[in-house]
1. I'd like to verify a number: residues in region A:44-74 that are of a type in the set (Val, Ile, Thr) and part of a strand (DSSP E or B), how many?
2. Exactly one of these conditions fails for A:Gly102: (1) at pLDDT 75 or above; (2) under 22 Å from A:Pro36 (Cβ atoms); (3) loosely packed, with under 14 Cβ neighbours inside 10 Å. Give me its number.
3. Does B:Leu101 meet the test of being in contact with a Leu (Cβ under 8 Å, 6 or more places away or on another chain), on the phi < 0 side of the Ramachandran plot and within 12 Å of another protein chain (Cβ to nearest Cβ)?
4. Name the one entry in B:Gly159, B:Gly150, B:Gly165 that is within 14 Å of another protein chain (Cβ to nearest Cβ), surrounded by 15 or more Cβ atoms within 10 Å (Cβ to Cβ) and either in contact with a strand residue (DSSP E or B) (Cβ under 7 Å, 6 or more places away or on another chain) or more than 28 Å from B:Ser211 (Cβ to Cβ) (or both).
5. Quick check: anything in region A:24-43 within 35 Å of the chain's Cα centre (by Cα), among the acidic types (Asp, Glu) and part of a strand (DSSP E or B)?
6. Please enumerate the residues belonging to region A:85-111 that are among the small types (Gly, Ala, Ser) and on the phi > 0 side of the Ramachandran plot.
7. Of the conditions (1) surrounded by fewer than 13 Cβ atoms within 10 Å (Cβ to Cβ); (2) within 14 Å of chain A (Cβ to nearest Cβ), B:Pro228 clears all except one; give me its number.
8. Quick check: anything in region A:49-69 touching a residue at least 12 places away in the same chain (Cβ under 8 Å) and among the polar types (S, T, N, Q)?
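The values are calculated or read from the model by the stated rules, or taken from the named source; none is laboratory data. Source: prediction; values computed, not measured. Here the Cβ positions follow ideal geometry from the backbone for every residue, glycine too, while neighbour counts run over all protein chains shown.
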Amino acid sequence: MKITNQNRRKVYAWLIVLVGLHLVIACAGFFAPYDPTLQNRERPYAPPMRVHWFDATGHIHARPFVYSQQLRAGSFDEYEEDKSSALPMSFFVSGSPYKLLGVIPLHTHLFGAGETQVFLLGSDGYGRDLFSRMLFGGQISLLAGLMAASLALCTGLLIGALAGFFGGWTDEILMRVAELFLALPWLYLLFAVRAFLPLSVSPLQAFLMVALLIGAVGWARPARLIRGVVLSAKERDYVPAARGFGASDFYLLRRHILPSTWSVILTQAALLIPQYVLAEVTLSFLGLGVPEPTPSWGNLLASLQQYSVLTSYWWMYLPGLAMVPFFLGYLALASALQTSAEGSKI
Amino acid sequence: MRYLLKRLGHGLLLLFGVSILSFLFTALAPGNYFDEMKLNPQISPDTVTALRARYDVDRPLVLRYGKWLDAVVHGDLGFSFAYDAPAAPLLWARAVNTLILTVASTLLAWLIALPLGIWSAERRGGAPDIAISSATAILLIIPDLLLALGFLLLAVRTGWFPTGGMASVGFAALSWTGKVRDIAAHLALPVTVLTLSTLPVLVRHVRAAISSVLGAGYLRAAQAHGVPRRTLLYRYALPAAANPLISLFGFSIGALLSGSLMVEVVMSWPGLGPLLLEAIQARDLYLVIGGVMLTAVFLAAGNFIADLLLYWADPRIRQP
């Protein structure tokens, strides 16, 4: 496994991009101006507010501002900008308390505009800020994907290593089961397993259940790949040599065989995480995953299943786009890792 | 022949495994359809008990499995509690709708992917290749959920396409050609989304397969003999690169029932996906198992068809 310099640089570049993106989501409390469950019954389905630098008279302002929104006369869900009242945006403002990275209690937010709520991406039917919900929803979806992927990889590593190292009937049975899991359409499998779990559970339970479920269904592919690597690593001369010196099975696995699976595990992680994030999104979109009011990228999009939302409130679609940069990062990382591991592959 | 028999045995074993797996999951399930019925004050406890007895809910798992297996051999996939009807006809009617959608999109995707992939492999590193590669990369990172919702949004705002469903309200009154045209109009959006979401993987595989044979000596010899470019690519390079593509085609066939679930649900296409989703929410046991089994049958069949095609196309496989 030779890694060229150029490829190494590519891998690191994409890793940095991904770490940055994840940090933004991890610090959602700071970047989001409001609590994701804060409702504003005065302004349901408010469209995204435009951030201005120039006011109506053509004057440039020192800091960006938004116009407050007012219900159009005679309407209950159409808003118009109130050009007379410009609300200057302020930065590092104090607001609702949150816990940074889940531990540090803070109440400073990146931006805000006084008493009036700024809806950068609009608001939903309860007047909740979609921008904040998008950031906090990412925490759920990404964490579910990461947990599911690590679960699948650990199980896959264990089973693949066992099958490859011991061979014989262990290998035969484990790989038959893996084929079974591989052959099933995973979404249907996920559904089938989900079908027999309780339907209404608390958000935390649902989250853990989704992560476990996806991980439990997805171990087969990494297991097969790792088995292949272990099989070939087992044949290297230094392994029988070490065994000749009296090394135990456990020592051989830990010292000589598992280190060679590292690059496969990394590549698989880069491929699996976006898949599993999407699995969570799909389940939550269909109402089988994390329930309201906890936001997740999936249930944020769920309201689009209603025709009226689809026709009138297009901005409900915007939070979904948050997935795209993450998937781009993971795809690019995976392909950089793949080319560095195998010379050239699609 | 032995090769084919072995592959067939493999497929049957797989189906057997899937059925056992689904029954095991039902055993792990807390609660069932009748538990929720019990909560309904309009249904007397006696009725629930009678229904439980009728559907063997309280019998041990092995017995139920045996009975189900016996029924499946006779073409009966069990009974849907929620619809109060045999599951097989229900599933079939929906499966046909799914097939209308997926056969169209799979054909379209392959018809586009083959020339695009070949073109891209031929101009490797050139402008067309870069354009095609970036386009497939973009399509690859947009999940089909977003794609489907995006197209739906577009259709709603422009009104160019009917949104959702498979037929208009006055469908029954239409003439024969009118019916075909109506279904085609409803097909347009879901087929587009499905095609776009399967296309990138296909194009990339075709490109990889073709470029792996393009440098071969016999192709350069043929080129030196003045064989025209098109003949060279489609008559000589494509068959030589066919093996991985045939496997991929088998996979496409296998995914005919299962690949469109998300798009069906979003676009409310009355296919297998929405039915299965309903069945899950209603805990309609046999309908879920039947749906999963049906998709597994397609998968096994797709793999087997790929094996048959490979057997026919590649003499190396015929000689053990």
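1. The number of residues fulfilling the criteria is 2.
2. Against the list (1) at pLDDT 75 or above; (2) under 22 Å from A:Pro36 (Cβ atoms); (3) loosely packed, with under 14 Cβ neighbours inside 10 Å, A:Gly102 comes up short only on (1).
3. no
4. Values: B:Gly159 fails: surrounded by 15 or more Cβ atoms within 10 Å (Cβ to Cβ); B:Gly165 fails: surrounded by 15 or more Cβ atoms within 10 Å (Cβ to Cβ).
So the residue among B:Gly159, B:Gly150, B:Gly165 that is within 14 Å of another protein chain (Cβ to nearest Cβ), surrounded by 15 or more Cβ atoms within 10 Å (Cβ to Cβ) and either in contact with a strand residue (DSSP E or B) (Cβ under 7 Å, 6 or more places away or on another chain) or more than 28 Å from B:Ser211 (Cβ to Cβ) (or both) is B:Gly150.
5. Residues of region A:24-43 that are within 35 Å of the chain's Cα centre (by Cα), as a first pass: A:24-43.
Next cut, among the acidic types (Asp, Glu) only: A:35, A:42.
Applying the additional criterion that residues be part of a strand (DSSP E or B) yields none.
No, region A:24-43 contains no residue that is within 35 Å of the chain's Cα centre (by Cα), among the acidic types (Asp, Glu) and part of a strand (DSSP E or B).
6. If the condition is that a residue be among the small types (Gly, Ala, Ser) and on the phi > 0 side of the Ramachandran plot, then A:Gly102 is the only one that fits.
7. Tallying (1) surrounded by fewer than 13 Cβ atoms within 10 Å (Cβ to Cβ); (2) within 14 Å of chain A (Cβ to nearest Cβ), B:Pro228 fails exactly one: (2).
8. yes
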